[in-house]
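One structure is given below, encoded as structure tokens.
The values are calculated or read from the model by the stated rules, or taken from the named source; none is laboratory data. None of the values given here were measured: they were computed from a predicted structure. Neighbour counts run over all protein chains shown; Cβ positions are idealised from the backbone, glycine included. Just the protein is used for accessible areas: all its heavy atoms, side chains included, with ligands, DNA and RNA removed. Shrake-Rupley method; radii C 1.70, N 1.55, O 1.52, S 1.80 Å.
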Amino acid sequence: AVVAFIAIFIFNVSFPLIVLCAAISGYFAGKKLPELFQVNAHHSSQKSYGRAIIDDDTPTPEHAIFKWSHLIKIAVISALLWLIPLISLTAIFGWSHSYTQLAWFFTKAALMTFGGAYAVLPYVYQGAVGFYHWLTPTQMIDGLALGESTPGPLIMVVAFVGFVGGHAKAALGPDALFLAGALAATLVTWFTFLPSFIFILAGGPLVESTHGNVNFTAPLTAITAAVVGVIVNLALFFAYHVW
């Protein structure tokens, strides 16, 4: 967590690189010191509240059992749901257009949602404000404030970034600013949350089959720790721009 904070706060290392390095370090740490990643399945409390409908030793239901045929089907359908809109945007507007770049950037952001909204928002800030200049730092704070005042901060913020980006860049011309922003917000929402559904539908059975496998859980544990440092960075980002 400390190393991740230093990397992103002082050296401005991109969030995807931090996640990758954390996963690699977790993998090798799990090989050398597997006892650090062993989870005690027994609760510390001695109280018993009776059997739960889904308990620790409940057999895995049929739909959650890993099958290659199910994974391939989900992967093909998901690839089409992602590729068709992206190729269509490229064909209609070109690769460098704001809509296409919004779709591509938020696809990458969606793949980095370890730890939830607070983990990925620094990456959104790095790209939307620092690289693409879709909005200003002050506008980004407005979007974060909007997200914090309503349920679902990530979907609120990315929709806000998309709308402001499409509006500011006049993606459909100077006479259709609102429509340009609304369409951009819709595209951003689609490309941000499509991977989340893919992860759940394709990855759920895979996760069920990896219980107790340190080679799988150790990298995720390391990523979770690194995300803590990234969230601290976001807290300081809030403080700096608000105060």
- Query: When you look at MET140, is it closer than 21 Å to ILE231 by Cα and crowded, with 21+ Cβ neighbours inside 10 Å, yes or no?
  - Reply: yes
- Which members of the range 46-66 meet the condition of being surrounded by 11 or more Cβ atoms within 10 Å (Cβ to Cβ) and part of a loop (DSSP other than H, G, I, E, B)? THR60, ILE65, PHE66
- Of the listed residues (GLY229, GLY212), the one being open to solvent by 60 Å² or more (accessible area, probe 1.4 Å) and either of a type in the set (Gly, Ala, Ser) or at pLDDT below 90 (or both) is GLY212
- Query: When only residues in the range 147-171 that are under 17 Å from PHE131 (Cα atoms) and aliphatic (A, V, I, L, M) count, which is farthest from the chain's Cα centre (by Cα)?
  - Reply: ALA168
- Of these, ALA110, ALA117, which one is within 24 Å of ILE87 (Cα to Cα) and in contact (Cβ under 8 Å) with a residue 24 or more places away in the chain? ALA110
- Subset tally (residues that are within 18 Å of GLN101 (Cβ to Cβ) and open to solvent by less than 50 Å² (accessible area, probe 1.4 Å)) for the range 161-178: 8
- Note on the structure: Filter the range 58-73 for residues that are polar (S, T, N, Q) and modelled with pLDDT under 85; the one that is nearest to PHE199 (Cα to Cα) is THR60
